[in-house]
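Novice: First the structure, which I've put down as structure tokens, then a few questions once you've had a look.
The values are calculated or read from the model by the stated rules, or taken from the named source; none is laboratory data. All values reported here derive from a predicted model rather than from experimental measurement. Using ideal geometry, Cβ is built from the backbone for each residue, glycine included, and neighbour counts are taken over all protein chains shown.
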Amino acid sequence: MKTQGKFIDEKIIIEKPKEIGRLFNKGHFGKPLSGNKLELDLIESCFLLDEDKISITKDETKINFEKLVGIASEKIIDFDVKYIVFKELKNRGCSIKLYNDLKGVTFSDFKKEFFVCVFSENGFFDVKETIDIICRVAKKKEKLWFAVVECECDVTYYDVSLVDFKGFNKKGNYLKNKGFLFENSVIVFDEKLKDTLFEKEFFGKPFGSGLRLSYVESLYLSDEKILDIKNIKEIDISRKDFVKKITDIDPMFDDRFKVYCDLKKRGLVTKTGFKFGTDFRCYTRNPDEIHAEYLVHIIDEKFKSAWSEMSRAIRLAHSVNKEIIFACVEKNKIEYIKFGRLRP
């Protein structure tokens, strides 16, 4: 026999104790009310009606699935995508409920061990809102999932968190020497310096008998008092002129350099991520012994992106067995956001 529900004041109320016990104690549906009653929210009710486990009446008139969906869509923003995620997670054995106590969070599990934010593929990833949600969920010391619903109703899940990742590469000591600025790089010809830079911290790449450094590596070494940057006529190039030349080519260089320096402080061997479509690839140890574990993509605090672009970056990293990290550069700090593919 189906559970009987009454539609009263935009809510579905269950009154029979036996049915309440079955729904709440076994299925984790609803919210107990005084008077030994159970209140179901509209998403739960649509699910139970869709599964043919409940019958709902309003003033003795039966409410079908179409009618209830119409009511729910007027009351719940983005009802259709939220319902798709709810139904899928319930069918996967997750006991979840609508959660209204944290802005941006859609569901929590019954024990509040994880929270779920639901998005449509037609929506946008907003880094400021994401960091805010992560920080508020982190205070509760729980996990955060993002569920993105495609137009064909498939759902992609991500485990989202701020990370404080580190490597084991130690900073080396070097004798100061000079590097020569060419159109696209700086080249070190001193044999001892170029060998130690490459062997100790994997700076640059061999270039004939020299070592070819990227712009970020060159400025880093210059700031560390390891490298004097000169033109081919051995005339010193000031830091200001060097930075101006680079930023004329790469308007994002300031943010790129901030992130590079921070990654170096964290003990990570940091190299270009161009072949993976990101800013950097990072190794926690000797690149000759391991593959890069992380891909780092730099964004600013106002960054917004279509979910299709985010999916592309995350999928690529996953396909090459790396973790994607979005480095959000704010005025006085850098937040690292990790997106991991998730199978609930």
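Novice: Please go through segment 184-208 and pick out each residue that is within 36 Å of the chain's Cα centre (by Cα) and surrounded by fewer than 16 Cβ atoms within 10 Å (Cβ to Cβ).
Specialist: Correct list: 184, 199, 200, 205, 206.
Novice: In segment 45-90, which residue that is farther than 22 Å from residue 118 by Cα and of a type in the set (Ser, Thr, Tyr) is surrounded by the fewest Cβ atoms within 10 Å (Cβ to Cβ)?
Specialist: 61
Novice: Taking the criterion of being over 30 Å from residue 132 (Cβ atoms), among the β-branched types (Val, Ile, Thr) and free of Cβ contacts under 8 Å to residues at least 24 places away in the same chain, would at least one residue in segment 12-22 satisfy it?
Specialist: yes
Novice: Ok, one more. Given the residues 272, 247, which is the only one that is hydroxyl-bearing (Ser, Thr, Tyr), surrounded by fewer than 16 Cβ atoms within 10 Å (Cβ to Cβ), under 25 Å from residue 183 (Cα atoms) and in the same structural domain as residue 199 (by TED's automatic domain parsing)? Working first, answer last.
Specialist: Numbers: 272 fails: in the same structural domain as residue 199 (by TED's automatic domain parsing).
Result of the check over 272, 247: 247.
Yes or no, residue by residue, for (1) within 30 Å of residue 333 (Cβ to Cβ); (2) surrounded by fewer than 13 Cβ atoms within 10 Å (Cβ to Cβ); (3) within 18 Å of the chain's Cα centre (by Cα); (4) not β-branched (Val, Ile, Thr):
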site	(1), (2), (3), (4)
157	yes, no, yes, yes
162	yes, no, yes, yes
175	no, yes, no, yes
212	no, no, no, yes
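Novice: Can you report the number of residues in segment 91-112 which are surrounded by 13 or more Cβ atoms within 10 Å (Cβ to Cβ) and among the acidic types (Asp, Glu)?
Specialist: Summing the residues that are surrounded by 13 or more Cβ atoms within 10 Å (Cβ to Cβ) and among the acidic types (Asp, Glu) in segment 91-112 gives 1.
Novice: While we're here: Got a sec? Which strands (runs of 3 or more DSSP E) wholly within segment 82-189 have at least 2 residues that are within 30 Å of residue 216 (Cα to Cα)?
Specialist: Filter on segment 82-189 gives 124-126, 155-162, 177-181, 186-188.
Novice: Considering each of 71, 12 in turn, give the residue that is touching an Asp or Glu at 6+ places or on another chain (Cβ under 8 Å) and either outside any strand (DSSP E or B) or not β-branched (Val, Ile, Thr) (or both).
Specialist: Going through 71, 12 in turn, the sole match is 71.
Novice: Looking at segment 213-305, what helices (runs of 4 or more DSSP H) fall wholly within it and have at least 3 residues that are of a type in the set (Ser, Thr, Tyr)?
Specialist: Once the helices (runs of 4 or more DSSP H) in segment 213-305 are filtered for at least 3 residues that are of a type in the set (Ser, Thr, Tyr), what remains is 215-223.
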